[in-house]
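> Below you will find the structure I want to go over with you.
The values are calculated or read from the model by the stated rules, or taken from the named source; none is laboratory data. Predicted model only: the values in this text are computed from it and were never measured. Neighbour counts are summed over all protein chains in view; Cβ atoms, including those assigned to glycine, are modelled from backbone coordinates with ideal geometry.
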Amino acid sequence: MPKKKIKPKVGDVVQIPLPDGTYAYGRIFKETALAVYKQRSKKPNTPPASEDYQFVVGFNGGAVENGDWPVVEHRPFPDEESSWQPPKYIKDRISGKYEIYHKGQIRPATEEQCKGLESASVWNANHIIDRIMGSDKWN
């Protein structure tokens, strides 16, 4: 019998099992973004109490939908504004021009305005785990 597909909601906190036996946690934002908490746990089902994130990226929700990353808590956002992921940058590979993507909108930007922002991309579960574990090979 196939697993029932899970439909994550904005504000859900998911548990990410890591190769070293610890657990990381992530909170789902709008537009299928995942904010990964800085703090990890040695015990399952113990998400961090504070909203202190290591990074926020767009992600392929498959690991949540198939139950590999279980939802362990739901933390509603205090307001609509705070449920959006931070702005991301886009760099056109041909022209070299920069843009900023935020809340479903794209606007022109300078390289300077994009410094410090995450690239607008969609990460798979294995890429997110690699990044949590300290690898930057996907950046």
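> If Pro86 meets every condition in (1) touching a strand residue (DSSP E or B) at 6+ places or on another chain (Cβ under 6 Å); (2) at pLDDT 95 or above; (3) buried (at least 16 other Cβ atoms within 10 Å of the Cβ); (4) not charged (D, E, K, R) apart from one, which number is that one?
The failed condition is (3).
> For the range 112-123, does any single residue satisfy the condition of being of a type in the set (S, T, N, Q) and assigned to a strand (DSSP E or B)?
Within the range 112-123, one or more residues are of a type in the set (S, T, N, Q) and assigned to a strand (DSSP E or B).
> Out of the residues in the range 29-55 that are part of a loop (DSSP other than H, G, I, E, B) and touching a Phe, Trp or Tyr at 6+ places or on another chain (Cβ under 7 Å), which is surrounded by the most Cβ atoms within 10 Å (Cβ to Cβ)?
Pro47
> If you don't mind, there's one more thing I want to ask. Check Gly26, Gly58 and return the single one that is surrounded by 11 or more Cβ atoms within 10 Å (Cβ to Cβ), assigned to a strand (DSSP E or B) and in contact with a Ser or Thr (Cβ under 9 Å, 6 or more places away or on another chain).
That would be Gly58, the only listed residue that is surrounded by 11 or more Cβ atoms within 10 Å (Cβ to Cβ), assigned to a strand (DSSP E or B) and in contact with a Ser or Thr (Cβ under 9 Å, 6 or more places away or on another chain).
> Moving to a separate point now. Look through Gly11, Gly96, Gly61 and report the one residue that is out of contact with any helix residue (DSSP H, G or I) (no Cβ under 6 Å at 6 or more places or on another chain) and closer than 20 Å to Asn124 by Cβ.
Gly61 is the lone residue from the list that is out of contact with any helix residue (DSSP H, G or I) (no Cβ under 6 Å at 6 or more places or on another chain) and closer than 20 Å to Asn124 by Cβ.
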